[in-house]
Amino acid sequence: MDPHSTAQDVHRCDLCETAIVHSYCDFCHVNLCKPCVVDHISDGYLKHAIVPFKERRSNLVYPKCKTHPHKNCEFQCEDCNNIFVCSSCTASKQHKGHNFVEVAEVYKTKKEFLKKDNNELENHISPSYEKITLELEQTLANLDVGYEKLTATMYKQGEQWHREIDIIINKMKTEISEIKKQHRAILQKHLNQIKQLQSAIKQSLLAIREIEKSTEVSSTIEYSSRISEFSKIPPKVQVSLPTFIPKPIDREKLYSLFGHITPLPTATEENDLSLSQHNTSVREPLDEPKLVTTIQTGYENLRCVTCLNEDRIWTNGWTNDIKCYNIKGSLLQTIQTKSGHFRYDIAVDSDGHLLYSNCLTGTLNRVKNGQTKKLIKLQGWRPGQLCVTSTGDLLVTMFSDDNTQSKVVRYSGSSEKQTIQFDDEGKPLYSGNSYTKYITENRNHAICVADYWAGAVVVVNQGGRLRWRYTGHPSVTEKEAFKPCGIATDSQSRILTADRHNNCIHILDQNGQFLLYIDNCDLENPSGLCVDNNDNLFVCELNRGNVKKIKYSK
């Protein structure tokens, strides 16, 4: 057996390498048995620190200085990327005038972080993952049951169709029986008429034969011929059998009439754990929102605004140019689009590049270093409003070429990742037309759409399932119907939407509850909205062509 290790892996003395450890030198970092303690401190070195083995490493183990190997690095130089230095290094020319921090203080701070992290991992994060794991396992266990119910619902629809077809067939059978009766009655009536005439002809033949045999003068002279009567043969009644004309079966139409299977959502929904980490500070609404500045853009039909940063915004109307202004109202840059009058929307991607949709060409475009590149060309659909998500995806509202359908599509790069169009009952989530549907993403990854024509803010979760609808508040919409235009969210997950006809901004919480409205900044026909990182609101005034910066939270 190896004397230095056993199955229990007992700690041994580092000096004699045989005896079981009893003590520890916190300065030299060696294990010691009782007899070897005396030998270890016999060199007279004053910095030895002998402690019980279970209390080892109570003193800090500093890294050795590379320049002065006999010294420990008890400092970090803040001017040299926090490299470890010893006391001799701090006095050297190389570090003259530099700022130093004690390693012990950094160590202490980091230990506090470690303690907090350990507590957070043990008490919050790890249980959250366990909960998620359990929920996923339960969902997987119930997956077959769910799909069996789905299939059963489909079969039930099929059985209903079979019943309806049987009803149709039986109804047609009854119709055929009725037609057959009519057909038979017509033929029978005609047959009866012919038989009556046949009988009359037979009677005439018998009478003629009797007269021919007879020698009586009177019967012969009184005979009246009926040849002219019988020569008028009745017209032949022609009654054709009815025919069944089957209509060609249109499988595509049958498929659409039979039902609709909603697409499988592939996105993920934010967990409460992440939400608690994001919400780092609370900003309550101001009692009285304040107008900070007004930027005049010169547009006659100002539709959209998006923040490039805290100092710059992009704007556009229904023209072929997109303008960038600073907060002071100075025009910094103008981009000309290739097509004529421009619609619909603009956004800024995670790299700070401008994105814009063009309804006329059916394209989504990016402007980088002054060069415009087509990212996506839609087929059968026209792009509307845009939103860049926190993960860098692009959300696009769009409507069909025939103006009968609307949907939201998520793109990752140029690849379609998700389509949101119907609720759980297969009903459209959005009004089917080309009216504006501004879109934004909330901090909980909910997707918020201001559906102007429907008069509603429609909010779905990240997976595309309907969460709620907001159709206005009586205190605001008593004069004019609620018709939301622009929409934006802030750091508190509040949702702001422009009420164009009532000249105000509605503010809702993340669950769709009305909080307050902004109507004191002389707003006229508010349309596009955006909120910067400091929760400053930028509002487009449609007809005036102004962008107003409003401070509404503390």
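The values are calculated or read from the model by the stated rules, or taken from the named source; none is laboratory data. Bear in mind that the values here come from a model prediction, so they are computed numbers and not experimental data. Here Cβ is always computed from backbone atoms with ideal geometry, including for glycine, and neighbour counts include all displayed protein chains. Side chains are part of the model used for accessible areas, which takes the heavy atoms of the whole protein and leaves out ligands, DNA and RNA. Shrake-Rupley method; radii C 1.70, N 1.55, O 1.52, S 1.80 Å.
Quick notes on this one:
- Which numbered condition residue 463 misses (of (1) touching a Pro at 6+ places or on another chain (Cβ under 7 Å); (2) crowded, with 16+ Cβ neighbours inside 10 Å): (2)
- Any chance residue 304 is hydrophobic (A, V, I, L, M, F, W, C), in contact with a Lys or Arg (Cβ under 7 Å, 6 or more places away or on another chain) and surrounded by 14 or more Cβ atoms within 10 Å (Cβ to Cβ): no
- Odd one out for residue 176 among (1) free of Cβ contacts under 8 Å to residues at least 24 places away in the same chain; (2) over 30 Å from residue 259 (Cα atoms); (3) open to solvent by 100 Å² or more (accessible area, probe 1.4 Å); (4) assigned to a helix (DSSP H, G or I): (1)
- Residue in the stretch 120-138 that is closer than 30 Å to residue 71 by Cα and over 28 Å from the mean Cα position of the chain (by Cα) present: no
- Members of the stretch 495-514 that are under 16 Å from residue 551 (Cα atoms) and out of contact with any Asp or Glu (no Cβ under 6 Å at 6 or more places or on another chain): 495, 496, 497, 498, 505, 507
- Count of residues meeting criterion [closer than 30 Å to residue 162 by Cα and surrounded by 10 or more Cβ atoms within 10 Å (Cβ to Cβ)] in the stretch 215-256: 5
- Applying the criterion of being more than 22 Å from residue 359 (Cβ to Cβ) and out of contact with any Lys or Arg (no Cβ under 9 Å at 6 or more places or on another chain) to the residues of the stretch 283-301, the residue that is least open to solvent (accessible area, probe 1.4 Å) is 288.
- Residue in the stretch 369-379 that is free of Cβ contacts under 8 Å to residues at least 24 places away in the same chain, in a loop (DSSP other than H, G, I, E, B) and open to solvent by less than 40 Å² (accessible area, probe 1.4 Å) present: yes
Yes or no, residue by residue, for (1) open to solvent by 10 Å² or more (accessible area, probe 1.4 Å); (2) not acidic (Asp, Glu):
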residue	(1), (2)
480	yes, no
486	no, yes
496	no, yes
523	yes, yes
526	no, yes
534	yes, yes
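- Residues of the stretch 41-57 classified as open to solvent by 70 Å² or more (accessible area, probe 1.4 Å) and either part of a loop (DSSP other than H, G, I, E, B) or polar (S, T, N, Q) (or both), total: 7
- The residues of the stretch 335-351 that are surrounded by fewer than 21 Cβ atoms within 10 Å (Cβ to Cβ), modelled with pLDDT of 90 or more and not acidic (Asp, Glu) amount to a single one, 348.
- Contacts under 6 angstrom Cβ, first residue in the stretch 184-208 being more than 18 Å from residue 235 (Cα to Cα), partner open to solvent by 70 Å² or more (accessible area, probe 1.4 Å), 6 or more apart: 204/226
- Taken together, the residues in the stretch 197-251 that are among the hydroxyl-bearing types (Ser, Thr, Tyr) and either in contact with a strand residue (DSSP E or B) (Cβ under 6 Å, 6 or more places away or on another chain) or part of a helix (DSSP H, G or I) (or both) amount to 7.
- Inspection of the stretch 16-29 finds no residue satisfying the criterion of being in a helix (DSSP H, G or I), at pLDDT 80 or above and not acidic (Asp, Glu).
- Note on the stretch 352-372: residues that are modelled with pLDDT under 90 and basic (Lys, Arg) amount to 1.
- Hey, residue 391 under 18 Å from residue 441 (Cα atoms) and in contact with a Gly (Cβ under 9 Å, 6 or more places away or on another chain) or not: no
- A single entry from 390, 431 fulfils the requirement of being in a loop (DSSP other than H, G, I, E, B) and surrounded by 17 or more Cβ atoms within 10 Å (Cβ to Cβ): 431.
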